[in-house]
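Reading through the C-alpha cells given below for one structure.
The values are calculated or read from the model by the stated rules, or taken from the named source; none is laboratory data. Remember, it's a predicted structure, so these values are computed and weren't measured experimentally. FYI the Cβ positions are ideal-geometry reconstructions off the backbone, even for glycines, and counts take in every protein chain you see. We work out accessible area using only protein heavy atoms, side chains counted, and drop any ligands, DNA or RNA first. Shrake-Rupley method; radii C 1.70, N 1.55, O 1.52, S 1.80 Å.
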Amino acid sequence: MSLNLLADHVRPLMADERFRFRCHPGVGCFTECCRELELALSPYDVLRLAKRLGLDSAHFLDRFAVVEQGEDDLFPRVFLAMVDDSRASCPFVDRNGCTVYTDRPAACRTYPLGRGASLKEDGTVTILHVLLTEPHCQGFAEQEEQDVAAWTADQGLAVYQRLNDLLLPLLQHPKTKTGWRPSDAQCQQYLTTLYDLDRFRDELPKATPEREALLADDERLLTHAIHHLTLDFYGD
Ligand code: SF4
Ligand code: SF4
C-alpha cells in the first residue's frame, strides 16, 4: 500500500473515542492482514515468539528474522521474515488463523490501532493513538464498540507496552537529538543484547547483582538488558 493511500485511512483517535471493530474467523477477510505486511519485531516480541516455538533466541533470529537498517534508522530494525509463497504470508498463519496467537507480536495485537510513544525532555512519555481503517479490513462493519482502553485490555497489550516503552530512553535519548549516532559495533551490540537474549543471559557477569533473579525471569532480564545498554551508550 502506498504511503498516500495509507495516509487516507489513518486518523487520530482520542483516548475515550469509540469505534466499531471486531475481528473473528467469520469475517470474509480472515487472515488477509497476515500477508504482504512489514512486521517489525520488538525485543519482547522475539522473546515471546522464541519461547513459544521452543527455540533459543539465536535460532529464532536465524530462521524467522530479517535485519535492516535504513539511512534514517538510529539502530538496526528486526522484521519477521515472510514466506516466499507469492503472497508473502506470515510464517505463523494457516487456514485456521494465527498459530502463535497467545504470543503474537504487539503490532498484530494493536491493529486496527496505531500507537506512538514519545519521550519528553522532562522524562514523561506522551502517547498518541491513530485508527487505521484499511479498505480491505471488514472488521469495521461489525457492531461491537471498542475504545483504546477496552482494546488494549482485550488484546493483552499491557505487558508489551510496558516493555516496549522501556526502550524509549535508548531510542529517543536527548543526545540523539544533538547528533549522537551509534558506531557499527554499538549497532551490533544493540542486536545481540536486546534480541539475542539467551546469549546475553549466558554472558551475564557472575558479579551481577540479582543474578539468580535475572536468570529465572526473562522479563526482568530484558529490563536489565535495556537499562544496561542505555547506561553503556549514554552514561545515564
Ligand atoms: S483484515 Fe481486519 S477483520 Fe480481516 S482478519 Fe485482518 S484484522 Fe481481522
Ligand atoms: S503473528 Fe499471527 S497475527 Fe501476526 S501476522 Fe502472523 S499469523 Fe497474523
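Structure data summary
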quantity	calculated
Estimated D of the range 59-184 in µm² per second, where Rh is the Kirkwood radius over Cα pairs and Stokes-Einstein applies at 10 °C, 1.306 mPa s	91
Heavy-atom surface of the chain, accessible at 1.4 Å and reported per residue (Å²)	56
Straight-distance crosslink candidates among aspartates and glutamates, where the alpha carbon sits under 20 Å from Lys175 and sequence neighbours closer than 8 are dropped	Glu71, Asp72, Asp73, Glu121, Asp122, Asp165, Asp184, Asp232, Asp236
Quarter of the Cα convex hull surface for the range 171-234, i.e. its orientation-mean projected area (nm²)	4.6
Calculated [θ] (222 nm, deg cm²/dmol) that DSSP helices of n ≥ 4 give over the chain, each run adding -39,500 (n - 2.57)	-10000 deg cm²/dmol
Within a Gaussian network of the chain (alpha carbon springs, distance under 10 Å), most fluctuating of Gly54, Gly70, Gly139	Gly70
Charge dipole (the range 113-185, unit charges on Cβ, about Cα centre) - positive-most of Thr124, Thr152, Ala185	Ala185
Whichever lysines have a C-alpha closer than 18 Å to that of Lys177, once near sequence neighbours (fewer than 8 apart) are set aside	Lys120
Inter-part distance where the range 203-220 and the range 144-182 are each reduced to a Cα centre, Å	24
Total formal charge among the other residues, if their Cβ is under 11 angstrom from that of Phe92, Lys/Arg +1 and Asp/Glu -1	0
Accessible area of the range 171-234 belonging to carbon and sulfur atoms, whole % at 1.4 Å probe	52
Bins of 10 Å, starting at 0 and running to the largest distance - Cα pair percent for the range 102-156	19, 47, 26, 7, 1
Projected area, mean over directions - the chain, Cα convex hull, nm²	14.6
Size of electric dipole in the chain: Cβ of Lys, Arg +1 and of Asp, Glu -1, about Cα centre, debye, nearest 20	180
Choice from Ala225, Ala158, Ala213 showing the highest fluctuation, given a GNM over the chain with Cα pairs closer than 10 Å	Ala213
Surface share of carbon and sulfur [accessible, 1.4 angstrom probe, percent] for the range 1-155	50
